[in-house]
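To start, the structure under review is shown below, and the notes come after it.
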Amino acid sequence: MSELQRDRLHVTVFADRAAVGHAAAGHVAGRLRQLLAEDGKRPRLLFAAAASQVEFLDALCRAEGIDWSRVDAFHMDEYVGLPRGDEQAFGAWLDRHIFDIVHPGRVEKLDPTTADPAAECRRYGRLLEDGGLDLALVGIGENGHVAFNDPHVADFEDPEVVKPVLIDETSRAQQVRDGAFATIDLVPRLAMTVTMSTILAARTISAVVPGPTKAAAVARTLDGPIEVACPASALRRHPDAAMFIDEAAASGITH
C-alpha cells in the first residue's frame, strides 16, 4: 500500500482490486457509522453503477454496524430508452449488487423508460435537493467522466441538479468492454446524469478506480490540470474526498 496527496485529494494505492474494494468499503462504512450516530440523521448516499464497483459494493454489503433502514439511497445516472425491467439499467444493476442485499430504508431511482427525460431529471433533481448528499460513491470513466458527465457536457458550476446528456462514444465503447452490452450499437446514446456540481456538493466523496483501462484517466485526474476535459480532476478541490486505486490504475501517475 502507498499513499499520495494531490491538492486536497487523498489517494491510496493497493495491490489489487480486492484490496481496493475492502479498503474503500471500510472507509465508507466508517463515515456512514459516524453519520448514523448523529441524532435523527438519515444519511443520503449516491451510488455509481459500474463493473469497477463490484468488489467495493460486495465488501460494503458485509460491513457491520450499519442500520441500512435509516439510509436514503440514490443512483447517479441512467440510460434513456431501455424497456421496463431491463437488466442493463443502472438501477437494476444496483438492486443486484447492493439494494436487494442490504435493503436501504429508501431507494430512489431514475426511470429509464421515461418518455420525457427533461421532466424526469427535474423530478429526480427535486429529490436530491431536498436534503443534499452526504456520501457520493463514484467511479471514474476511461475518459475521466464521473457519472455520465463526459468531457463535452461536464460543468463544475452546472446550474442543473440532474440533466439529460448525449453519451460520449468513448463511454459507450467502455460499456461494451465492461460487458454490459454485446455491441456498441446496443448501447443507448442518451442518458440522465446527476451533474458535477451536485456530486461536488456532497459532504464526502469516495472514488473507487481499479484496473489498467483506467490508468490514463487516473493520471490525468491526478497530474493534469483541473478542467472539464477530465471531469474527475475536480475531485482534487473537494474538502473531503478520497480515491482508492490499484497498482494497475496507478501505472501512469507521477509518484
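Every number here is computed from the coordinates shown, using simple stated rules; none is lab data. Only a predicted model underlies this, so the values are computations on that prediction, with no experimental measurement involved. Virtual Cβ from ideal backbone geometry, glycine too; neighbours counted across all protein chains shown.
Per DSSP H run of at least 4 residues, take -39500 (n - 2.57); add these up for the chain, divide by its residues and hand me the 222 nm value, nearest 500 deg cm²/dmol.
-8000 deg cm²/dmol
Roughly how big is region 1-122's charge dipole about its Cα centre, with Cβ charges of +1 (Lys, Arg) and -1 (Asp, Glu), in debye to the nearest 20?
For this selection, approximately 380 debye.
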Highest GNM mean-square fluctuation among Gln34, Gln175, Gln53, for the chain with Cα springs under 10 Å, belongs to Gln34
Contact order relative to length for region 2-246, counting C-alpha pairs under 8 Å separated by 6 or more residues, stands in percent at 26 percent
If you stretched the chain out fully between Arg106 and Glu64, how much longer would it get, using 0.36 nm times the residue separation minus the C-alpha to C-alpha distance? 13.2 nm
Subtracting the Cα-Cα distance from 0.36 nm times the residue separation, let me have the gained length for Ala15 to Asp178 in nm, one decimal. 56.6 nm
FRET efficiency (Lys41, Glu3; Cβ distance; R0 30 Å; to 0.05) is 0.50
Expressed in angstrom and rounded, the centroid-to-centroid distance over alpha carbons for region 213-239 and region 65-133 is 26 Å
Note: probe point = Cα of Ala119 + 7 Å toward Cβ; backbone nitrogen < 19 Å; residues of region 148-170 passing the test are 161-165
Residue-ordered couplings for region 15-23, obtained by feeding phi - 60° into the Karplus form 6.51 cos²θ - 1.76 cosθ + 1.60 and rounding to whole Hz (Gly and Pro as x), are 5, 8, 5, 4, 5, 4, x, 5, 5
Assigned charges on the beta-carbon of Lys, Arg, Asp, Glu; the chain dipole about Cα centre (debye): 360 debye
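Find the Cα radius of gyration of the chain, compare it with 2.2 N^0.38 Å by division, and give the number to two decimals.
Details: Rg = 16.7 Å, N = 255, 2.2 N^0.38 = 18.1 Å.
That works out to 0.93 for the chain.
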